[in-house]
Amino acid sequence: MRENWRSKLSVLAGASALAFSAVTATPALADDAPVSPQEVQMPADVKIVEGGATDPGAAVLFPADQEDQEDQAGPVGSVDPAGPVGTPVPGGQAEAVGAAKASPSSSTCLGSTAAYGVSGCFQHNGDIVWAGDTKKDGMSAAVGVYTDYGRAEEVCVNRLGADTWATCNKDYREGGDVRLRVLRYDGDTGKFYQPETWSGWIPVDGKY
C-alpha cells in the first residue's frame, strides 16, 4: 500500500515539474525565426507592387514635405521618392540603397505593424505604404493593404534587401480606412509565408 502511494506521489511530482517548466519557458518572440514557414494562400489575381527607394540623384524629403512637392509638380508616379532624410542623394546604386535604409517618420506613418522579418506602416500624407525588411533570410518583406470600401487587395513588396525600407505610393479614398497585413514573400516562387500580423484600421486622412 505504501509503495502504491509513493508511486502515485512520484507521478504527481513529475507532472507538476513538467507543467512548471512549460509555464516558465521563454515565450517565442515575434522576431524569432519560424521553425518552418507556412505558405499563405493569396488570391491568384492579387496585385503585387514592387516598392522602391529614392531615385539616384533625387532629393530626399521629409514626409511632411511630400504634399507640398505634389501640389507643385503633381504625383511622382507609382513609387514615392520621399523619405525621412532631409539631404540630397548623389547618383549611384550604393547611395540609393543607403537611402532605402532610412526609416519612416513615426509622426506621419501610422499603424506600425511587425512580424518576423518585416515591418510596415501607412503614411497618411501622400498615401504611402512603407515596407521594411528586417531579416537576411532570402525572402522579401511584404505589406498587404485592405480597404473598408471594397478595393482589391494590393501588396507592397520590398526587394531591396535586409535592413532597408521600400515605399509604394498609392491613392486611397479620403474618408476611408485601410488595414495592413505584414508577411514574407519569396520572389522565386511568387508565394507568401507566415508568420504574419495585421494592423487595426487606419484612417486614410490620419484623423482617428
When LYS136, LYS207 are arranged by how many other beta-carbons sit within 10 Å of their Cβ, fewest first, they go LYS207, LYS136
Karplus-derived 3J(HN,Hα) from phi for the stretch 183-189 (6.51 cos²θ - 1.76 cosθ + 1.60, θ = phi - 60°), whole Hz, x at Gly and Pro, runs 6, 9, 9, 9, x, 6, 9
Under the Karplus relation with 6.51, -1.76 and 1.60 and θ = phi - 60°, whole-Hz ³J(HN,Hα) for the stretch 44-52, x at Gly and Pro, equal 4, 9, 4, 8, 9, 10, 7, x, x
For GLN194, placing the label point 7 angstrom along Cα-to-beta-carbon and taking the stretch 146-183, residues whose amide nitrogen sits under 20 Å are 146, 180-183
Distance in nm between SER36 and TRP201 label points, each 7 Å along Cα→Cβ, equals 3.8
Pseudo-spin-label distance LYS136 to VAL46, built 7 Å along Cα→Cβ, given in nm, is 2.7
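Every number in this text was worked out from the coordinates using simple rules, so none of it is lab data. Computed from a predicted structure; not experimentally measured. Backbone-built Cβ (ideal geometry, glycine too); neighbour counts: all protein chains shown.
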